[in-house]
Structures are given as C-alpha cells and as structure tokens.
Amino acid sequence: MQLIDSIVAEAATFRQIRRDIHAHPELCFEENRTSDAIAEQLTKWGIDVHRGLGRTGVVGVIDGHKPGTGSIGLRADIDALPVTEKNTFEHASRHPGRMHACGHDGHTAMLLAAARHLSRERDFAGRVVCIFQPAEEGGGGAREMLRDGLFERFPVDAVFAMHNWPGIPAGSFALSTGPVMASSNEFRIVVRGKGAHAAMPHLGLDPVPVACQLVLALQGVISRNRNPQEAGVLSVTMLQAGEATNVIPDSVTLQGTVRTFSTSLLDLIEANMQRIATHTVQAFGMTCEFEFRRNYPPTVNHPAQTEFARRVLVDLVGEDGVQPFEPSMGAEDFSYMLQQRPGAYVIIGNGGGEHREPGHGAGPCTLHNASYDFNDEILPLGASFWVHLVQRWLAQQAG
C-alpha cells in the first residue's frame, strides 16, 4: 500500500479527533460543536474556511502551488443518528439518544487528515474544495448546501465522497459505475370510512378491511407492474387505526417507503399506487387521501470519474483490493451533488467488527446499529486515497 508517511505518522492525532466527534454526536442541522471543531482545525492549518452553507456546513479551500485551473470537491458527512449507543468504551456517546452509528465521525476525520497533508504540502495544481456536509441522515444537507450556492461559490470539475462499509475487509475498497444507492421516498394513504359500533358494522363503513386489501393490492405494483429486471421495493411499514376494541374507526392510515434506482420506475410506482388506492376505496364507497413524498434521488456514479477513482484505488491497494460494489437500497444525499457535477461515491471497507474495543455492545458492527464503531485502522488509508486522488486528478486537469 502506498500510504502517505506523514498521514501514518499523525494517525493517533486523527484517531483522537474521530473519537472526540464520536463522543459528542449531533443530529442533522444541530452540528454546531462538530462544525466549530472542523473549522478550528482547518483554520489552524492555514486553510481558507467558509461557514453557514446548509446552516451548519463547513467548506475548506486549498490552493496548490503548481499552476493550474482545475478543481476537485471532496465531501464528508458530519451528522449523527437518533440512536442510543450500546457501547460503553471510553469514547462512546455522552448523549443518550444520539450516536455516530454510520461512521460519519470517521469520514470527517479522514477528510481532515487529507486536508492537513494537502495544506502543508500543496504539491498539486489547482484547487481542492473540502466539503463537510451536515444532515445526511434525512435532512438533505447536500441539497441545502447546493441551495446556498455551494458550486457557484466554489466551482469544481468533479466531486467525490467516501463511505465506510462493514463486512468489506479493512484495507480494501468497493466501487461501481451507475446506480449505487437507491432513491428514498415515503407515502401516506388515509382510508376514510364511517365509524360505528363494532357490533353494528352495517351502520358504518369499515375502513379496516379495505386498508388490509389495499396493503395486499399495493404489492402487485412491484410484482406485476414493475419490469422484473429493474430493482424496486415498496414496503407498508405503518398501519394506524382505532382507539377501542368495540369501535369501528372512521379512518385508517397506511405509511411506508418506496426505493428505486431510476426515476422512470419511481414515476410508474407512484402513478400505480395512486390509481390502486383511489379505485380500491371507491369500490367500497369510501374515499382516500394519497400523499407521496420524494426524498433523496438515486445516487448514480459517473463512468469516467468512477474509472479514474478505480485506477487510483488499484494503485493504492492492488487489483484484488478493489471489488465491485453491489448497489444498496439504502439512500444517500450525495446524490444531489452528483446531479450537478460528475463524480463518484467510493466505498471503503470497515472490516467485520473485530476492531472494536472492549466494552462494545452485543449487536453486530453494522451501519445504523447501536453497537457499531468506525475502524480507526483505516483512517490513514482513506486519507491517503483522498490525497492520491487529488494529486492525480488535478495533474490530469492541468494537462
């Protein structure tokens, strides 16, 4: 591995930064302490710091000493999840109900380590824009930074992000062209009937059996309307009705999620869901309210930038250390940035959990699990990749 010596030498420093962030998790758009810590480090290293994009986002700009007009964006997410941590080791969360259960603390530390090296050496041509983005976990922080003019104020030729992945061996990466994360969408359907005494159902319009039929009918959208070669998931995850066992309720509310890798399939699913819901309840003399909210679009890696990143990775860890990434039905708001600039979403292996210190929870070391912890051993590897990517990308842009 071509790890960068100075980054390896300072690994303990960035491990401590990572663990400090882990111990003080902050939820979306509340990352004030985290943003302060990031800005303080960047300023100390002589990096041009900009704050306030996406409310709590931080941008660090580093210009190289070599002539060139190319630019590259590197993004790390900084927010935590509303999870109560089960780990009890020293750097566990000090705030019940908040936890870095997805490794954003590690992503931040890796980008900080890369920024430290790049700012000290500046042995590249052009500009590096380090994007520390808030509110990835449901808040759409990438979208908010873009609305605040991220790429207008800090233009980049390409943008890249990196996410850890438990189960992929530490020391290796995964990467694929095309869709790698699904779109995230939510729906809410209210079936409105007419309440009555449970012993006299003929005096009302019972929405409960209609809602049950609707749950089953919606599954046909995936099994019969969707092209089997396209990935799509429709899950009814909440069904709320009634307050007493002897009362037929006035209404039933169904809620759930839809995930796809393409907008065209999402359009088809939404249209068919609305048609099925409307006509099913009408057949029983009832009405319904249908709401469909599109959250994150699919994350789609651009071919040229993905292949470029792959070549850098192969030179770093060897051909055997870079595997194809099987697309996930999880969602990622880096998708908004990839809609505006070409780039790629890179996966770094986090291992199987053996790295966790004594005192970890009984659960597996998987993303969004209360027993998860980021693998500090991969900090120098991730930071070294960022530096190599910057140097080679900007050298290519400089011709």
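So if I take the centroid of the Cα atoms in the range 200-226 and the same for the range 79-115, what is the distance between those two points in Å?
Comparing the Cα centres of the range 200-226 and the range 79-115, I get a distance of 42 Å.
So for the chain: antiparallel DSSP bridges make up what percent, rounded to the nearest 5?
Beta bridges within the chain, antiparallel portion: roughly 65 percent.
With a sphere of radius 10 Å drawn around the Cβ of Ile248, what net charge do the other residues whose Cβ falls strictly inside it have (Lys, Arg +1; Asp, Glu -1)?
Once all neighbours under 10 Å are counted, the net charge is -1.
How many angstrom lie between the Cα centre of the range 31-51 and the Cα centre of the range 339-392?
Going from one Cα centre to the other spans 22 Å.
For the range 34-132, which trypsin sites (Lys or Arg not before Pro) pass both filters: DSSP loop (anything but H, G, I, E, B) and at most 13 other C-beta atoms within 10 Å? Walk me through the intermediate numbers first.
Values: sites: Lys44, Arg51, Arg55, Arg75, Lys86, Arg94, Arg98, Arg116, Arg120, Arg122, Arg127; in loops: Arg55, Lys86, Arg94, Arg98, Arg122.
For trypsin sites (Lys or Arg not before Pro) across the range 34-132 that sit outside H, G, I, E and B with at most 13 neighbouring Cβ atoms in 10 Å, the list reads Arg94.
Alpha carbons only, please: Rg and Dmax for the range 227-355, in angstrom.
Spelled out, the Cα radius of gyration and Dmax of the range 227-355 are 21.4, 69 Å.
Which residue, chosen from Thr260, Ala37, Thr56, occupies the Cα position most advanced towards the positive end of the dipole of the chain, where the dipole is computed from +1 (Lys, Arg) and -1 (Asp, Glu) charges on Cβ about the Cα centre?
Farthest towards the positive pole: Thr260.
When 1/r is averaged over all different Cα pairs and the result inverted, which Kirkwood radius in Å belongs to the range 300-399?
Across the range 300-399, the inverse of the average 1/r is 15.7 Å.
Show me the three semi-axes of the equivalent ellipsoid for the range 70-130, from the C-alpha gyration tensor (sqrt of 5 times each eigenvalue), largest first, rounded to whole Å. Write out the running numbers ahead of the final one.
Working: eigenvalues 208, 29, 7 Å².
Computed over the range 70-130, the values are 32, 12, 6 Å.
Once both axes come from the Cα atoms, what is the angle between helix 263-283 and the longest principal axis of the chain, in degrees from 0 to 90, rounded to 10?
For helix 263-283, the angle is close to 20 degrees.
Pick from Met110, Met238, Met337: which residue has the top mean-square fluctuation in a GNM of the chain where Cα pairs under 10 Å get a spring?
Met238
Hey, got the Cα dimensions of the chain along the principal axes, in Å, largest first?
Over the chain, Cα extents along the principal axes are 81, 46, 40 Å.
Length gain on complete extension for the stretch Ala9 to Met238, per 0.36 nm per residue less the alpha carbon to alpha carbon distance?
77.4 nm
For the chain, modelled as a Gaussian network with Cα springs under 10 Å, which listed residue fluctuates most, Ala161, Ala231, Ala170?
Greatest mean-square fluctuation among the candidates belongs to Ala231.
What does the charge count around Glu152 come to, taking other residues whose C-beta lies under 15 Å from its C-beta (Lys +1, Arg +1, Asp -1, Glu -1)? Intermediate results must be reported in sequence, preceding the final value.
On the way: positive: Arg127, Arg143, Arg147, Arg153, Arg341; negative: Glu144, Asp148, Asp157.
Residues close to Glu152 contribute a combined charge of +2.
Restricting things to Cα coordinates, could you compute the convex hull volume per residue of the range 185-294 in Å³?
Roughly 84 Å³ of hull volume per residue.
Throughout, read-outs are computed from the coordinates displayed, never taken from laboratory work. Here the structure is a predicted model, which is why all the values come from computation and not from measurement. Glycine also receives a Cβ, built like all others from the backbone with ideal geometry; neighbour counts cover every protein chain displayed.
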